[in-house]
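The values are calculated or read from the model by the stated rules, or taken from the named source; none is laboratory data. Note that this is a predicted model, so its numbers are computed, not measured. Backbone-built Cβ (ideal geometry, glycine too); neighbour counts: all protein chains shown.
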Amino acid sequence: MANLDAPNGFSPSYHRNGGVIRYDGGFLIASGLASDIFAGDLVIIDAAADGTHIDVGAAASTRLLGVFAGCQYTAANGDVVWQNQWASGTATKGAEAAEAFVYTDQNIVYTAQLDGIITQDEVFGYADSVQTVAGNAATGVSGMEVDAASAAATILQLKLLGFAAAPDGINPADPLTANARVNVMIAEGEYYVWDA
């Protein structure tokens with residue numbers, strides 16, 4: 001059975017040290033930011049802002065802040081909105097920044113889909129992220145995945161920890177086929193960088 005080609009970003013799976021998986025607040029999204037950010041998207045610190053604003057971070061070899069969990073803001077009509085996505089160009093009341101929630105703990109292990117195939121020898125190596133499918137505006141879920149072609153022994157955005165057990169159309173008996181799911185950790189992070 002072929003693996004489903006259904007990327008859904010980076011989903012927190014477990015904490016490597018047995019800790020609690022939680023996201024952090026205190027990050028900001030500029031009112032009117034012209035980027036769609038979906039739950040499960042990798043995000044970065046917006047270099048054009050003040051060090052607390054975020055943006056989507058799919059570019060290869062970009063240092064990552066973490067994984068987007070959602071945001072809260074006051075809409076232009078005064079409604080308080082909490083949602084798992086930021087729609088490009090959203091205007092907030094008084095142009096106040098939205099609060100963003102981001103998984104930043106470097107010990108969180110995420111499950112994500114490969115966009116191709118990696119070999120068994122590439123497990124415990126590194127890879128970058130890629131966005132070949134847009135996020136789903138109806139569900140707010142990411143379309144990011146792991147760039148299989150980038151797999152290497154040198155440090156990239158993500159540490160490949162192995163193939164993930166998966167009930168959702170993934171054939172666990174033959175993970176070395178296209179679109180398998182893998183467990184990864186952030187290797188090039190704002191708070192922590194792996195030492196190869």
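For region 56-63, indicate whether the set of residues that are under 22 Å from TYR192 (Cα atoms), part of a strand (DSSP E or B) and free of Cβ contacts under 8 Å to residues at least 40 places away in the same chain is non-empty. Yes: one or more hits. Among the residues of region 44-67, those that are in contact with an Asp or Glu (Cβ under 7 Å, 6 or more places away or on another chain), under 14 Å from GLY26 (Cβ atoms) and buried (at least 21 other Cβ atoms within 10 Å of the Cβ) comprise ILE54, LEU65. Could you check region 51-105 and list, in sequence order, the residues that are hydroxyl-bearing (Ser, Thr, Tyr) and touching a Pro at 6+ places or on another chain (Cβ under 9 Å)? If the condition is that a residue be hydroxyl-bearing (Ser, Thr, Tyr) and touching a Pro at 6+ places or on another chain (Cβ under 9 Å), then TYR103 is the only one that fits. Is there a residue in region 16-36 that is in contact with a Phe, Trp or Tyr (Cβ under 7 Å, 6 or more places away or on another chain), surrounded by 23 or more Cβ atoms within 10 Å (Cβ to Cβ) and small (Gly, Ala, Ser)? No, region 16-36 contains no residue that is in contact with a Phe, Trp or Tyr (Cβ under 7 Å, 6 or more places away or on another chain), surrounded by 23 or more Cβ atoms within 10 Å (Cβ to Cβ) and small (Gly, Ala, Ser).
Regarding GLY89, is this residue on the phi > 0 side of the Ramachandran plot, exposed (fewer than 14 other Cβ atoms within 10 Å of the Cβ) and free of Cβ contacts under 8 Å to residues at least 24 places away in the same chain? Spelling it out, it is not the case that GLY89 is on the phi > 0 side of the Ramachandran plot, exposed (fewer than 14 other Cβ atoms within 10 Å of the Cβ) and free of Cβ contacts under 8 Å to residues at least 24 places away in the same chain.
Which residue, of ILE155, ILE117, is touching a Ser or Thr at 6+ places or on another chain (Cβ under 8 Å) and either part of a loop (DSSP other than H, G, I, E, B) or exposed (fewer than 15 other Cβ atoms within 10 Å of the Cβ) (or both)?
Step by step, each of ILE155, ILE117 is checked, and only ILE117 is touching a Ser or Thr at 6+ places or on another chain (Cβ under 8 Å) and either part of a loop (DSSP other than H, G, I, E, B) or exposed (fewer than 15 other Cβ atoms within 10 Å of the Cβ) (or both).
Looking across ALA100, ALA75, one residue alone is surrounded by fewer than 22 Cβ atoms within 10 Å (Cβ to Cβ), over 12 Å from the mean Cα position of the chain (by Cα) and either at pLDDT 95 or above or small (Gly, Ala, Ser) (or both). It is ALA75. A Cβ distance below 7 Å, combined with a sequence gap of six or more or placement on separate chains, defines the contacts here; from region 24-52, residues that are in the same structural domain as CYS71 (by TED's automatic domain parsing) and under 19 Å from VAL133 (Cα atoms) reach residues that are crowded, with 24+ Cβ neighbours inside 10 Å and hydroxyl-bearing (Ser, Thr, Tyr) in the pairs PHE38/SER142; ALA39/SER142; GLY40/SER142; ASP41/SER142; LEU42/SER129.
Taken over region 7-40, the criterion of being under 30 Å from ALA178 (Cα atoms), of a type in the set (A, V, I, L, M) and assigned to a loop (DSSP other than H, G, I, E, B) is satisfied by ILE21 alone.
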